[in-house]
Amino acid sequence: MVRGSRSRAWLLGAGLLVSAGLLVLAAGLSVAVGAKSVPLGEVWSAWLHPDDSYTSAIVTSRLARTELGLLAGAALAVAGAVIQGLTRNPLGDPGILGVNAGASASVVLVTATLGAGAGRSVWAAVPGALFAAVAVYVIASGGPRGRATPVRLVLAGVAISAALAALVQAIALAQPEVFNSYRFWVVGSLAGRPDDTVDRVLPFVVVGLVLALLLPRGLNALALGDETATALGLRAGRTRAVGAASATLLAAAAVAAVGPVGFVGLAVPHVVRSFTGSDHRWLLPYCALLGPVLLLGSDVLGRVVARPGELMVGVVTAFVGAPFLIAAVRQGRAGL
Amino acid sequence: MSAPAVARPRTAPVNRAVPVNPRAVMVSGALLVLTLALAVLTITIGELGIAVADLPAVLAHQGSRAQEWVLYSNRLPRLLVAVGAGAAFAVPGAIFQSVTRNPLGSPDVIGLGAGSAAGAAAAALVWPGVVPVPIGALVGGVVAAAAVLLGSGRGLRAPYRMVVVGIAVGAMAMAFVQFVLARTTQQEAVQLAAWLSGSLQSRQWGDVVTIGVALAVLLPAALALTRRLQIVEMGDDAATGLGVSPGWTRGLAIMVGVALTAAAVSVAGPVAFVALTAPQIARRLTGSSGPGMVAAACMGTTVLVAADLFAQHAPWGAQYPVGVLTAGLGGVYLAYLLVGEWKKGTV
């Protein structure tokens, strides 16, 4: 048994390396593919030795977009995995549970009242994300037997998302001159974001990921139920607080960076769990590596299918990720 | 009438000798009067509004040219589409809520509206002129309904499963619509974007004809199914014992519901949550235990006409697509409905 688990650990460790390789490949493709394609070899040399050439200019401009995808993809996938662990809910995803809608509503509200400069800060997204998360949880656990089952959380997320998305639309339509540049962001897009977005978002993603690093043992214990977890010496309340802080920061940062992109947080943990099982010590690192692979891959796909224009990445992830919601329901772990 | 104002439990026995519920008749009548008042308001208020005193003259084609234009080219088609689409959204809501025995199983929650929108967008922009838009909407609605029923793996027996699968199908359908939008030229895309959130702006007489024909054919069919649906709600065994085939009744009802939703979406866009809320409110007002098509239709009409009136003359200036308003209010109502369902312990 010990030997079996040791060779499994080796296998999963090697898998992490493969995932890192996939991540590099996805990042390379994200820089190479577009209206003007650049061969992968030239991407590499232009990145290492930037010069004044046209190719180099293209690579530099696409690099910013790729960095954004790396950060947002990791943030969304880890946030999804943490939410799924905390709520013991295989349908968890910051998009489905309304957190993204809350974050974008508060970004739009802040922009409308305090101006575009304030709206670009990640802090503008945090209160809305927190509000939506709490509201969804409260609605879902309403009632005397107060248990937030997966389906209750999803439905509460639909309700909150619908109301907040309508608010976003209403504000955006009332101030068209302010929100013209938000048209793509509202659907979720890696393109056309201000240059300093990566710098603004990076600290939040790092803090969120570091908090997530503290969580695996706690989440593994929570999966056994609150009573068993307490008997094992876990402070369930503290795990929940750290987890909620981590997921909220990550989702808010991702939304501030690229808009409300859905289904990445659902699909990636779902795929990863099929080979790691439910051990969060493996699940979370894999999500951090494979989340960007899905997001960057979707972005590349969006540039290919709608040539010469491009499809916003939020549209592609909805199409690619929604089937995982059906798959998760059919597996029966959602209690449906 | 001693029925309480709140909805009775679904399992309450249906023991009326007459199939007509007097309270439902009263409620429907009141809603019709209210709709008429809202309709007069819709036509009369605002910058271009026709004064109430002039209205009979304009209706008799004796008004000024400006007044005639406002009424016949602008406000009347829009009003009539709102009236028709309101009923055509609400009746499928009543049908699906009855068939799934669940207030959340309404077409806009389980992705049928989005599916119809995807079909309509494809018919309008991907293959323009090949298929009429309403037919495209119908095909999209059928595909979405089939995807939800097959995707859930257990069909109608697991309504909550259907709801979650429907969220996924709806997300994919809306993604497809965005894909279509991204591929079209700017001008068409701007027009479609307003329609996409559900809008009644600049409706034409052609839209009135579309929704009118659909209602003329499908509403009687829905009414004819009401009694059977009511019996099927009591349980498959009871229905079979009473000589009503549950399978056929549900199948026919779903077809009528999908077709009506497609008609409504093709003229008004996927207006959110009228299908969810109108039948529920109607059911609470009439205190009836059955699907109550007539009351639901009247309530849908009232809701959509009122929402569109408010959307046109909202105090904050900008003209909103009516769907933004219904989505906001409907989302709040959905949350309220959910808490009520949890308290009953149905999930």
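The values are calculated or read from the model by the stated rules, or taken from the named source; none is laboratory data. Because the structure is a prediction, the values reported are computed rather than measured. Methodologically, a virtual Cβ is constructed for each residue, glycine included, from the backbone with ideal geometry; neighbour enumeration extends over all protein chains shown. What goes into the accessible areas is simple: the full protein's heavy atoms, side chains included, and nothing from ligands, DNA or RNA. Shrake-Rupley method; radii C 1.70, N 1.55, O 1.52, S 1.80 Å.
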Checking B:G46 against (1) open to solvent by 40 Å² or more (accessible area, probe 1.4 Å); (2) touching a residue at least 12 places away in the same chain (Cβ under 8 Å); (3) part of a helix (DSSP H, G or I), which single condition isn't satisfied? (3)
Looking at region A:58-77, which of its residues are out of contact with any helix residue (DSSP H, G or I) (no Cβ under 6 Å at 6 or more places or on another chain) and open to solvent by 60 Å² or more (accessible area, probe 1.4 Å)? A:T60, A:S61
Here is a list of conditions, (1) in contact with a Pro (Cβ under 9 Å, 6 or more places away or on another chain); (2) closer than 30 Å to A:A140 by Cα, and A:A26 meets all of them except one; can you say which number that is? (2)
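Can we say A:L114 is aliphatic (A, V, I, L, M), open to solvent by 30 Å² or more (accessible area, probe 1.4 Å) and more than 10 Å from chain B (Cβ to nearest Cβ)?
Numbers: aliphatic (A, V, I, L, M): yes; open to solvent by 30 Å² or more (accessible area, probe 1.4 Å): yes; more than 10 Å from chain B (Cβ to nearest Cβ): yes.
Taking the combined requirement at face value, the residue satisfies it.
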What are the residues in region A:158-198 that are over 19 Å from B:Q319 (Cβ atoms) and among the acidic types (D, E), if any? A:D195, A:D196
Considering region B:327-345, residues that are open to solvent by 10 Å² or more (accessible area, probe 1.4 Å) and within 7 Å of chain A (Cβ to nearest Cβ), and then whichever is farthest from A:V138 (Cα to Cα), we arrive at B:A327
Tell me the residue from B:Q186, B:Q201, B:Q191 that is away from chain A (no Cβ under 14 Å), open to solvent by 20 Å² or more (accessible area, probe 1.4 Å), within 25 Å of B:A121 (Cα to Cα) and modelled with pLDDT under 85, please. B:Q191
Pick out the one residue from A:P285, A:P323 that is open to solvent by 30 Å² or more (accessible area, probe 1.4 Å), within 11 Å of another protein chain (Cβ to nearest Cβ) and in a helix (DSSP H, G or I). A:P323
Could you check region A:302-319 and list, in sequence order, the residues that are surrounded by 20 or more Cβ atoms within 10 Å (Cβ to Cβ) and more than 9 Å from every other protein chain (Cβ to nearest Cβ)? A:R303, A:V313
Looking at B:G151, B:G129, B:G206, B:G141, which one is more than 9 Å from chain A (Cβ to nearest Cβ), surrounded by 20 or more Cβ atoms within 10 Å (Cβ to Cβ) and either over 30 Å from B:L79 (Cβ atoms) or not hydrophobic (A, V, I, L, M, F, W, C) (or both)? B:G141
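Among B:M234, B:M299, which is in contact (Cβ under 8 Å) with a residue 24 or more places away in the chain, surrounded by fewer than 23 Cβ atoms within 10 Å (Cβ to Cβ) and more than 22 Å from B:G141 (Cα to Cα)?
Criteria check complete, one pass: B:M234.
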May I ask you to list the residues in region A:120-139 that are closer than 16 Å to A:A254 by Cβ and among the small types (G, A, S)? A:S121, A:A124, A:A125, A:G128, A:A129, A:A132, A:A133
Out of region B:55-108, which residues are within 20 Å of B:T35 (Cβ to Cβ) and touching a Phe, Trp or Tyr at 6+ places or on another chain (Cβ under 7 Å)? B:P77
Do we have any residue at all in region A:99-106 that's open to solvent by less than 10 Å² (accessible area, probe 1.4 Å), within 27 Å of A:L283 (Cα to Cα) and within 14 Å of chain B (Cβ to nearest Cβ)? yes
